[in-house]
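To start, the structure itself, in structure tokens.
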Amino acid sequence: MYQIIDGKKISQEIKDELKEKVSALAAAGGRICLAVIQVGSDPASSVYVGNKKKACAYIGIESQAYELPQETTQEELLALVRRLNEDDQVNGILVQLPLPAQIDEEQVIQTIAPEKDVDGFHEKNVGALCVGSRGYVSCTPLGIIQLLKRSGIEIAGKRCVVLGRSNIVGKPMALLLLRENGTVTVCHSHTVDVKEITRQADILVVAIGKPKLVDETYVKEGAVVIDVGIHRDENNKLCGDVDFERVAPHTSAITPVPGGVGPMTIAMLMHNCVSSAE
Ligand code: GUN
């Protein structure tokens, strides 16, 4: 029998721990404020931004919402980011991705002051993760480490395989698993014989953005499988990058979609916001 890793429950535990921290901070006169910038009205982004604001309200973090029109220019967005960098009332700045085509995402990210970059995307924070010094870490991979630890899954010494090498998930995931003393392999679109590698994984993290691509032929019997994907299947039902029904019986533990990794991303964003004030 396999364990279903309950991201909803674990994220709630984390939010409740943070809520206590924030109320202690408030009692001492401290406050935390997150500025959330959305450009345009992509429906998925609106849902994510709404959930982030809700989580802030729950925990006791103030949030400022900046909803900019789709046709916002690079300069307008950079000017807002620079203004928020200078604003002592703002601890954290989050620019929801993706941004419209006329905007250079990388330049926007690198303009956010590293000490306010609660997404952990600035190269200074990525560099800090790489060399093992203090800095913000990308929320989704940070949440996955918490899911594993709080489910009693040992990482040290384990063979960990990460499918996907994005800056937001795959690369920081590999670095975090390495920091936890896992033996880490990253597979990507140019990897030859992916299944031969994934079938060696004790812990398999899938972040490739393709619905139900990973079936049981990718997975070693008794592995732990973490699914980062979120899609709608042919019946408009939410699904991940992993074909849950086929894979789950072969695992010792697996995250569901929804209710696995997703809620953890927001919990860890809140964690990063609280650190920004500590
Ligand atoms: N778009 C999808 N995931 C994320 C995230 O973690 N942070 C931001 N800013 N945008 C996203």
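The values are calculated or read from the model by the stated rules, or taken from the named source; none is laboratory data. On a predicted model such as this, the values are computed, not experimentally measured, just so you know. Positions of Cβ are backbone-derived with ideal geometry, glycine not excepted, and every protein chain shown enters the neighbour counts. We work out accessible area using only protein heavy atoms, side chains counted, and drop any ligands, DNA or RNA first. Shrake-Rupley method; radii C 1.70, N 1.55, O 1.52, S 1.80 Å.
Just the number, please: Stokes-Einstein D of segment 116-268 in µm²/s, Kirkwood Rh from C-alpha pairs, 20 °C, 1.002 mPa s.
It diffuses with D of about 139 µm²/s by this estimate.
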Tell me, what HN-Hα J-couplings in whole Hz come from the Karplus equation 6.51 cos²θ - 1.76 cosθ + 1.60 at θ = phi - 60° for each residue of segment 267-272, using x for Gly and Pro? 4, 6, 4, 5, 4, 5
Among Ile103, Ile155, Val126, flag the residue with its Cα farthest along the positive direction of the charge dipole of segment 85-165, charges on Cβ as +1 for Lys/Arg and -1 for Asp/Glu. Ile155
On the accessible surface of the chain, probed at 1.4 Å, how many percent belong to carbon and sulfur atoms? 51 percent
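So which trypsin sites (Lys or Arg not before Pro) in segment 20-126 pass both tests, a DSSP loop state and at most 14 other Cβ atoms within 10 Å of the Cβ?
Arg31
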Could you give the distance between the Cα centres of segment 168-233 and segment 82-131, to the whole Å? 27 Å
Where does segment 88-152 land on Rg/Rh, using Cα atoms and the Kirkwood Rh? 1.04
The size of the Cβ-based charge dipole (Lys, Arg +1; Asp, Glu -1) of segment 161-268 about the Cα centre, to the nearest 20 debye, is 320 debye
List the GluC sites (Glu not before Pro) in segment 88-156 that DSSP assigns to loop (not H, G, I, E or B) and whose Cβ has at most 14 other Cβ atoms within 10 Å. Which are they? Glu154
Heavy-atom accessible area per residue, the chain, 1.4 Å probe: how many Å²? 48 Å²
Using heavy-atom solvent-accessible surface (probe 1.4 Å) with all chains present, what is the largest-first order of Leu25, Leu148? Leu25, Leu148
Set of aspartates and glutamates near Lys149 by C-alpha distance (under 20 Å), chain-local residues within fewer than 8 positions excluded: Asp6, Glu13, Asp16, Glu17, Glu180, Asp202, Asp227
Mind checking the log10 I(q)/I(0) for segment 9-53 at q = 0.16, 0.24, 0.25 Å⁻¹? Debye, one equal scatterer per Cα, no solvent, two decimals. -0.63, -0.89, -0.91
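For segment 13-170, what is the per residue volume of the convex hull drawn over the alpha-carbon atoms, in cubic angstrom?
Convex hull of Cα atoms, per residue: 139 Å³.
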Dimensionless Rg ratio for segment 30-108, taking C-alpha atoms and the 2.2 N^0.38 Å reference: 1.09
Given the pairs Lys21/Lys212; Lys116/Lys237; Lys124/Lys210; Lys116/Lys212; Lys15/Lys212; Lys54/Lys220, which span a C-alpha to C-alpha distance of over 32 angstrom in this model? Lys21/Lys212; Lys116/Lys237; Lys116/Lys212; Lys54/Lys220
Which whole-Hz couplings ³J(HN,Hα) result when phi for each residue of segment 207-216 is put into the Karplus expression 6.51 cos²θ - 1.76 cosθ + 1.60, θ = phi - 60°, listed in order with x for Gly and Pro? 9, 10, x, 10, x, 6, 5, 8, 10, 5
Convex hull volume per residue for the chain, taking Cα atoms only, in Å³: 131 Å³
Looking at segment 1-74, which GluC sites (Glu not before Pro) are DSSP coil and have at most 16 other C-beta atoms within 10 Å of their C-beta? Glu71
Nearest-20 debye value, the chain charge dipole, Cβ charges on Lys, Arg, Asp, Glu: 660 debye
Leaving ligands, DNA and RNA out of it, work out the accessible area of Tyr2 with a 1.4 Å probe and give it in Å² to the nearest 10. 60 Å²
